[in-house]
Amino acid sequence: MTGRKKWTLIGLAAAAVLLVPWMAVLAMTLPGRTTVDHWPLAWIGLDVLMAAGCAATALLGLRADPRARLTASATASTAVLDAWFDITTAGSGTALLQAVGCAVAEAVLAGACVCLAVGKGRGRTRVPS
């Protein structure tokens, strides 16, 4: 392992540790409710990002370009985030049921992207250590 890689990994570990007290501060200080400007833009932006990730992954994957693994990974993350925010920002009743339905579809998308990102097949390259 190179020195740069080792220090990068140590930095990531430190960030994980430092985020724990930060989450406690947020839990104690964030309001239970808030008004959000540009609410539709935020949601549409997530869907645009997810669509772009799907398109990029498909295009790269069909060309057997190993970078499809990167876009698949990013798209999976976006789908999981979208599902999280769908559920946690939904009201009760019908709105929550609709959010759960969307989250199931996004989980399927995320699962497919993870399979593409880590599975064997076209575009597989050996990562140098």
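General remarks:
- Hull volume per residue, based on the alpha-carbon atoms of the chain and their convex hull, is 144 Å³.
- The slack between Phe85 and Val100, meaning 0.36 nm per residue of separation minus the straight C-alpha distance, is 4.3 nm.
- About the centre of its Cα atoms, the range 11-129 shows a dipole size close to 680 debye [charges on the beta carbon of Lys, Arg (+1) and Asp, Glu (-1) only; nearest 20 debye].
- Accessible area expressed per residue, the chain, with surrounding protein chains retained (probe 1.4 Å, Å²): 76 Å²
- The chain - percent of accessible surface contributed by carbon and sulfur, probe 1.4 Å: 71 percent
- Every Cα-Cα pair in the range 20-66 was counted, and those over 18 Å apart are 61% of them.
- Put a dot 7 Å past the Cα of Ala112, heading toward its Cβ, do the same for Trp39, and the two dots end up 3.0 nm apart.
The values are calculated or read from the model by the stated rules, or taken from the named source; none is laboratory data. Just so you know, these numbers come straight off a predicted model, no measurement behind them. Backbone-built Cβ (ideal geometry, glycine too); neighbour counts: all protein chains shown. Surface accessibility is based on the protein's heavy atoms, side chains included, excluding ligands, DNA and RNA. Shrake-Rupley method; radii C 1.70, N 1.55, O 1.52, S 1.80 Å.
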